[in-house]
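Visitor: This structure is in structure tokens; I'll ask about it shortly.
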Amino acid sequence: MSGARAGPSPARAPVKNKMLLVKTKLDVSRIHGIGLFADQFISKDTVVWKFNRLIDLVFTAEQLDELAPDALAQIKKYSYRDVHSGLYVLCGDDARFFNHSTDPNCLDTYESHEKEGITFACRDIIAGEELTCDYALFDLDFDARLYASPPHGGSRPRYSRSDARR
């Protein structure tokens, strides 16, 4: 990683072997290349994506060094280096098409009971809207990537769902 519907929100419902936890679709992005778009209304605080060890892959730098140059370029294009573990994470679902924004509609955080991160909507998102996140919050290599924004003068704050409610 819901929306305007009856029943418990995905943030509270048990989830088994899910990747993206809301309906999405891929389309041409105004931000960059292909983007991930909401295919339903997503209410604020809904968990949109959650790491799943059965679907998402984790690599060490040493494992990446063993790859052929073309394979390495492909993995690095769609992976991020996790701020907590330093490992490279490749989303096995369409979450790899979240585009970067300094004013995102989704935030990535680590809850105290979670080893890996989760992504949740930090405001209501309408169907058809591109889902965006701030790569600087979870990617150790953010400033070295082509999508990096100008230097921000220090470490970026880490957010929790309670921060998004303010």
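Here, each number is a calculation from the coordinates, and none is a lab measurement. The structure displayed is predicted, hence computed values, not measured ones. All Cβ positions, glycine included, derive from the backbone under ideal geometry; neighbour counts span all protein chains shown.
Visitor: Is it fair to say S29 is surrounded by fewer than 18 Cβ atoms within 10 Å (Cβ to Cβ) and among the small types (G, A, S)?
Guide: yes
Visitor: If you don't mind, there's one more thing I want to ask. Within region 75-95, take every residue that is among the aliphatic types (A, V, I, L, M) and touching a helix residue (DSSP H, G or I) at 6+ places or on another chain (Cβ under 7 Å) and give me the one that is farthest from E116 (Cα to Cα). Before the answer, list the steps.
Guide: Within region 75-95, the subset among the aliphatic types (A, V, I, L, M) is 75, 83, 87, 89-90, 95.
Subsequent filtering for residues that are touching a helix residue (DSSP H, G or I) at 6+ places or on another chain (Cβ under 7 Å) retains 75, 90.
Numbers: I75: 19, L90: 13 Å.
Filtering first and then ranking leaves I75.
Visitor: Another one. Please enumerate the residues belonging to region 35-79 that are surrounded by 14 or more Cβ atoms within 10 Å (Cβ to Cβ), more than 13 Å from the chain's Cα centre (by Cα), outside any helix (DSSP H, G or I) and basic (K, R).
Guide: Of everything in region 35-79, just one residue is surrounded by 14 or more Cβ atoms within 10 Å (Cβ to Cβ), more than 13 Å from the chain's Cα centre (by Cα), outside any helix (DSSP H, G or I) and basic (K, R), namely K44.
Visitor: Select from region 86-112 the residues that are surrounded by 17 or more Cβ atoms within 10 Å (Cβ to Cβ) and acidic (D, E) and write down the one among them that is nearest to M19 (Cα to Cα).
Guide: For region 86-112, the residue satisfying everything is D94.
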